[in-house]
Every structure is written in structure tokens, then in C-alpha cells.
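The values are calculated or read from the model by the stated rules, or taken from the named source; none is laboratory data. Please read these numbers as outputs of a predicted model, since none were measured by experiment. Cβ sites come from the backbone with ideal geometry, for glycine too, and all protein chains shown count toward neighbours.
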Amino acid sequence: MIQTAVQTTNTRTLSLPNMMLRAEGAAVLFGTVALYANQSSDWVAFILLLFVPDVSALGYLINPRIGALGYNIGHFYALPILLLVISWSSGLSVGIQLALIWLAHIGMDRLMGYGLKYTTEFKTTHLQRV
């Protein structure tokens, strides 16, 4: 009974750190959309590619451990930032656009409360434990 009450509190309470992490996600989302608008006018590609990082969650079909690992790799800010830096320094506009879409997706997920996953279950994220 106590465990259920704690679990309910963790998933429904928006603490100040949780709200700040969601605001950070919103800033990333809106910032990358603005940068993308400056780089490209291909909004069809943006919309079609926006949800591609969610393919990384297919590992959950195997088990929660593999699913969390795949999801976390696909939703880790450092990877699209690395792609952005490499593409920018190489002058690859397609790489810049892909990195911005990827970052927008991660920002959107964080804004909605989807954080990096723990191996216990899909719904247990770093945003729910803050």
C-alpha cells in the first residue's frame, strides 16, 4: 500500500525540477524549430522525420532492458549535437537539418514528460523521479 502511494505521487506530482526540465525541453523544441526555419523551408520533411527517433523504442519488443538502452541512445542530446557540430563544420546542410529535427524531437518528448528510461518499465523516466 505504501509503495503504491509513493508511485502515484512520483508520476503525478510536478515538482519544480520537473517543471524546469519540461521548460528546458520546450526551449530546445522551439529553438531548434526556429533554427530549422532559418536552414530549410522543407516542412514536409520536418514533419515526416520528427518521429523517426521513436523507432529506437522497438527494443521494448525484446525486453525492457534492451528497450531502455535503445530509447536512451535515440533520445540522448549529445548524439544529435555531435551530428550538428560535424555537419556544421563540414558544411553539410542535410546533416544540420537532420540534427535539428532530432533535437526538436527530444525537446518535444521532454516537454511532454518523456524522459530517459529506466529498465524497470517504459513509463519510468528520469523526469518522473526528479
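Brief remarks on what is shown
- Residue count for the range 42-64 satisfying the condition of being under 16 Å from THR119 (Cα atoms), exposed (fewer than 14 other Cβ atoms within 10 Å of the Cβ) and touching a residue at least 12 places away in the same chain (Cβ under 8 Å): 1.
- Flag if ILE96 is closer than 19 Å to GLU121 by Cα, of a type in the set (Val, Ile, Thr) and at pLDDT 95 or above: no
- Considering residues of the range 65-93 that are of a type in the set (S, T, N, Q) and more than 19 Å from THR120 (Cβ to Cβ) only, the residue surrounded by the most Cβ atoms within 10 Å (Cβ to Cβ): SER87
- The set of residues in the range 94-109 that are more than 13 Å from ASN72 (Cβ to Cβ) and either surrounded by 20 or more Cβ atoms within 10 Å (Cβ to Cβ) or touching a residue at least 24 places away in the same chain (Cβ under 8 Å) (or both) comprises ILE96, GLN97, LEU98, ALA99, LEU100, ILE101, TRP102, LEU103, ALA104, HIS105, GLY107, MET108.
- Subset of the range 28-43 that is in a helix (DSSP H, G or I) and in contact with a helix residue (DSSP H, G or I) (Cβ under 7 Å, 6 or more places away or on another chain) - its residue that is farthest from LEU111 (Cα to Cα): GLN39
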